[in-house]
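*Asks:* Okay, handing you the structure first.
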Amino acid sequence: MNQVFDFLFNQYTTYSTSDICLEVIAVIFGFLSVWFSKQNKIWVFPTGMISTAIFVYLLLKWQLLGDMMINGYYFIMSIYGWYIWTRNVDATHVTPISRTTTKEKKTSVFIFFATLIFVFAVYTYFDKWNNWTAYVDTFTTATFFVGMWLMAKRKIENWIYWIIGDIISVPLYFYKGFTFTSFQYLIFTFIAVSGYLAWKKSLNKKTATL
C-alpha cells in the first residue's frame, strides 16, 4: 500500500504545503465547474474562474507555460461565456444549446491551428522544446482552446474537444508529477462524456418539440 501511495504522491515531497493546498482547491473548483457545465448551469463560469486563476499562478511558478496559457485563456473565455450564456436572444430566452454552424466549424479550425502556431512560437522563444511533453502540450492547448470557445458559445461539440483533451491529459499530468490534477482530468473525462449525452438529449428534445 505504501508503495502505491509513494508511486502516486511521492513527487509532492518537494512541494510546499501551500502549493499542494492550492492545487487541491483548484481541482475541487474545477470539478464543480465541469459538473455545472454538464448541468447547463451558469455557475460553470465563476467556479471555473477560481480554478483557472489558481492554476495560472501555480503553473507559472512551475514554469509550465503551455498549461498556464490554457488556464489564462479559460479565465478570459469564462468572462465571455458568462456574458453569452446570460445574454437575452429575445424577450424571454437566453442563448440556447445548439450545434455549430459551418462558419463556426471553420472558426474552430482556425483557432486550433492559430493556437498551434502561437504555442510553438512561445515555446521556441523560451527554449522549452526540451521534453516530448512540450509537443503534447501544444496539441492539448489547441484542443482545449477550441473546446472552451465552443462551450462559451453553448455549442454541443465543445464536449468532443474536452473528451479528447481530457483523455490525453490524464497520463500527461501524471507523468509531469501532478497526481491530483491527473485524477481531475480522469474524472473530467467521465463528466464530459455524460455532459455530451445530457446536452444531446436536451437538444434532441428541443428539436422534437419544434
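*Asks:* Magnitude of the Cβ-charge dipole of the stretch 2-209, K/R +1 and D/E -1, about the Cα centre, nearest 20 debye?
*Replies:* Numbers: 17 positive and 10 negative charges, 223 e Å.
Here the size comes out at about 1080 debye.
*Asks:* When the chain is fully extended, how far beyond the present Cα-Cα distance does Ile76 get from Ser98, taking 0.36 nm per residue of separation? Present the calculation step by step, with values, prior to reporting the outcome.
*Replies:* Values: separation 22, 0.36 × 22 = 7.92 nm, distance 2.20 nm.
Contour length minus the Cα-Cα distance gives 5.7 nm.
*Asks:* Then there's this: If one computes the Cα centroid of the stretch 49-79 and of the stretch 97-117, what distance in Å separates the two points?
*Replies:* Cα centres, the stretch 49-79 to the stretch 97-117: 22 Å.
*Asks:* Lys/Arg Cβ at +1, Asp/Glu Cβ at -1, dipole of the chain taken about the Cα centre: which of Pro171, Ser51, Phe113 is farthest positive-ward?
*Replies:* Phe113
*Asks:* What do you get when you divide the Cα radius of gyration of the chain by 2.2 N^0.38 Å, with N the number of residues?
*Replies:* 1.06
*Asks:* Right, next: Ranked highest first by average number of other Cβ atoms within 10 Å, how do 62-68, 51-57, 143-149 line up? Provide the component values of the computation, followed by the final result.
*Replies:* On the way: 62-68: 19.4, 51-57: 21.0, 143-149: 24.3.
Order by mean packing, descending: 143-149, 51-57, 62-68.
Laboratory data are not the source of any read-out in this text; all were calculated from the coordinates shown. Because the structure is a prediction, the values reported are computed rather than measured. Neighbour counts run over all protein chains shown; Cβ positions are idealised from the backbone, glycine included.
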